[in-house]
Structure formats: C-alpha cells, structure tokens
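What follows is a short report on a single structure.
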Amino acid sequence: MEAKTANTTRKVSKLAQNIIGSEIIKLAAEVNEKIKNGQHVYNFTIGDFNPKIFPIPAELKQAIIDEYLADETNYPAADGMLPLREAVSKLLKERGNLDYATDEILIAAGARPVIYSIFRTLVDEGDTVIFPVPSWNNNHYSYLNHAKQVMIDAGPESNFMPTAEHIKPHIKGASLLALCSPQNPTGTVFTKEGLTEICDMVIEENNRRGENEKPLYLMYDQIYWALTYGDTQHYNPVSLRPEMKKYTVFVDGISKSLAATGVRVGWSMGPKLVIDKMKSLLNHVGAWAPKAEQLATAKYLSDLKRYDLFLVGQKNNFTNVWMVFIKVFLS
Ligand SMILES: Cc1ncc(COP(=O)(O)O)c(C=O)c1O
C-alpha cells in the first residue's frame, strides 16, 4: 500500500527525482538573461567562448562543411573514426609527451560523455569517489553512479589543488580519484612535485591491493591543458610515473583548446580494457561525435604547426580581452 502511494506521488525514477542540473549552467543562463536585458556583465561563469571573439579555426570550420558536403552523415565508428584516433595519438605524442595507440583512445561527443562513461565503467554503487572542491561537476557524476562522495577541501594554501596529504586518509578501498588540471574553476595547476606525490600514493595503494581487487583509478581531466601559457607548465600522471598508465583514464578534447565547445569532439585515453568497456557503454547512449566533425578534426590536427599557431593567436586574444576588461574596470 505504501509503495503504491510512493509511486503515485513520484512520477519519475528516484534518480531523476533527485537529480540537480549543473549549477554553473544555471548561473550562466541567469547571467545571459541579464546581458540580454541590457545589463553590462562580465561573464566568468561557464568555460564557454563567445564565437564572435574566439571563433574556431577557419580551416576546421571549412573542413566540417566539406565533410557534410561529401555526405559523411552516417554513423561513425563506435570507438571513433580511425583518422581522428591516429591524429589524436600523434598530437599526444608530439605535444603531450604521451604514448597511446589508436586502440587505447576513444572518441566521444565532447568531454562530458567521456566523464560519464569513466564513472559508469569504474564505479559501483556505494564505491568511494574522491575529488577536490572546488571542482567541476564531480558531485553530479558521483550522484548518477550512487557513489559515496569524499570531497577534499583544497584551499588557497595549496593553490586550490588537492595534495597527497589531503587524499591519503581516504584512499583505502576507494574506486576513483577524480582530478583536473588546469582546474575548473580556479585555473590553477598541479606542480610536478604535487602530482608526483599523488601518483606514488596511487601506485602504493594499488600494489597493496594486488591483482584480485579492483584498482584505484585516476580520472585525469586535462581538457584545458593546451591553454597553459608563460611559466605555467602542464604535467600529467603518466609522463611523471609511467606505471600510472595502468591506472589513469584521461579526459581530453577540442572544446577548450580550439574554442569548439559546440562542435562536440572529445576523447579519452587509458588502459585498453577500460577504453573497450567505455566504448560498449557509450554505444548504448549513442554519444558519438558526429562523423563529419570527427573527420574534419582529424584533418585539422594533421598539421600541428597550424594548431600551435592557433593557440598562440588564442593567447593574444585572451590577453587583449583581459586588457579591455582591466581598462573598463579601472575607468
Ligand atoms: C573541467 C571540465 N571538464 C570537462 C568539461 C566538459 O567539456 P565538453 O564541453 O567537451 O563536454 C568542462 C566544461 O566546462 C570542464 O570545465
């Protein structure tokens, strides 16, 4: 009888009933409404780019149009189009100091489905997921997976980045450590020493677990890595500690590097077994990047000098926008 009452008052699943949309998207919508109503607001909420100021590369735009004109409109390969996985593999090798074969790379419709599938693939109900706060959306992905959330308070003393010391008390038996560098929303990055200490701790915990226990994996979201400039250096766990390749699943893509948030091309690289399972999972969601966008991105990335030049242009663009902002702010 009680169950019947509950079912009639609740019209959707428990999961849907309690789901909360992304706070930052809500905030951004409120800010956009203010801008629409004529208020002068500097919008620092969401990691999106005004395409009038930060357009995608012209060659990428043209390549996307060309692929559609060539009728590349059917299903893409489930793990992503081979030319794109080849281009990503080369980009990672030549610019990211990472060695990943094409069957260790999965393409998806941006970083979000990649993160969703990492959580789905690695986290069981009740498993512990550790992540720092502030950070981006880990609370929601944990919720969707019925995970136990351990939030690490990363304050100004550690540049808003979590340290091995912060994490250590929580790692025994945890399933996933979710890290991001450069970090949204702080823009801060891991130091070489800080990330190395975390890697050593993850390796030690996994050596303690042995072969029959599910490992502690590290989700490493480096979607902003190409936007580091000047003295700021990006580090990744696998280059620092090659043994971390067994435990690290990366989140990456063109949304931020090519100012292409609406183009929807992202990728993950990690252990083949994990990538294969993520592929199967994403098959049921259908969150593939469109075939034309994939082929166009592959073409664009085939010329890494052009990619480098675009990033230099973006840096100058950022500087100009900041100069305008500071001038207006001080006037
Ligand atoms: C840290 C971080 N990861 C992932 C994403 C999502 O990227 P995408 O637009 O490729 O889904 C964002 C978007 O703002 C982000 O800030």
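The values are calculated or read from the model by the stated rules, or taken from the named source; none is laboratory data. Here the structure is a predicted model, which is why all the values come from computation and not from measurement. Cβ: placed from backbone, ideal geometry, glycine included. Neighbour counts: every protein chain shown. These accessible areas exclude ligands, DNA and RNA; they are computed on the full protein's heavy atoms, side chains included. Shrake-Rupley method; radii C 1.70, N 1.55, O 1.52, S 1.80 Å.
Figures for the structure shown
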{"item": "In Å, descending, principal axis extents of the Cα set of the stretch 86-287", "result": "41, 39, 30"}
{"item": "GluC sites (Glu not before Pro) within the stretch 182-220, DSSP loop, no more than 12 other Cβ atoms inside 10 Å", "result": "GLU211, GLU213"}
{"item": "Reach of LYS246 by Cα under 25 Å, taken over lysines that are not fewer than 8 positions away in the same chain", "result": "LYS90, LYS93, LYS148, LYS168, LYS172, LYS192, LYS214, LYS272, LYS277, LYS279"}
{"item": "Global form of the stretch 73-205, assessed from the alpha-carbon gyration tensor, a/c cut-off 1.5", "result": "prolate"}
{"item": "3J(HN,Hα) from dihedral phi, the stretch 66-74, Karplus parametrisation 6.51/-1.76/1.60, rounded to Hz, x for glycine, proline", "result": "4, 5, 5, 5, 8, 6, 7, 10, 8"}
{"item": "Accessible solvent surface per residue of the chain, calculated while the other protein chains remain in place, 1.4 angstrom probe, Å²", "result": "52"}
{"item": "Per-residue [θ]222 nm for the chain (sum of -39500 (n - 2.57) over DSSP H runs n ≥ 4, rounded to 500)", "result": "-14000 deg cm²/dmol"}
{"item": "Relative contact order, percent, the stretch 223-331 [alpha-carbon distance under 8 Å, six or more residues apart]", "result": "21"}
{"item": "Kirkwood estimate for the stretch 195-331, i.e. one over the average of 1/r between Cα atoms, Å", "result": "17.8"}
{"item": "Dmax and Rg, reported as Rg then Dmax, of the stretch 1-134 (C-alpha, Å)", "result": "21.4, 64"}
{"item": "For the stretch 17-64: rounded, prolate or oblate by the Cα gyration tensor [a/c cutoff 1.5]", "result": "oblate"}
{"item": "Percent accessible area from carbon and sulfur atoms, the stretch 86-287, protein chains only, probe 1.4 Å", "result": "49"}
{"item": "Segments 31-40, 216-225, 306-315, 231-240 sorted - mean Cβ within 10 Å per residue, highest first", "result": "216-225, 231-240, 306-315, 31-40"}
{"item": "Low-density loop positions, GluC sites (Glu not before Pro), the stretch 109-184 - DSSP coil, at most 12 other Cβ in 10 Å", "result": "GLU125"}
{"item": "MET323 - accessible surface, heavy atoms, 1.4 Å probe, Å² rounded to 10", "result": "110"}
{"item": "Computed over the chain: relative contact order in percent, which uses C-alpha pairs under 8 Å that are six or more apart", "result": "24"}
{"item": "Selection from LEU144, PRO182, LEU282, by position along the positive dipole direction of the stretch 86-287 (Cβ)", "result": "LEU282"}
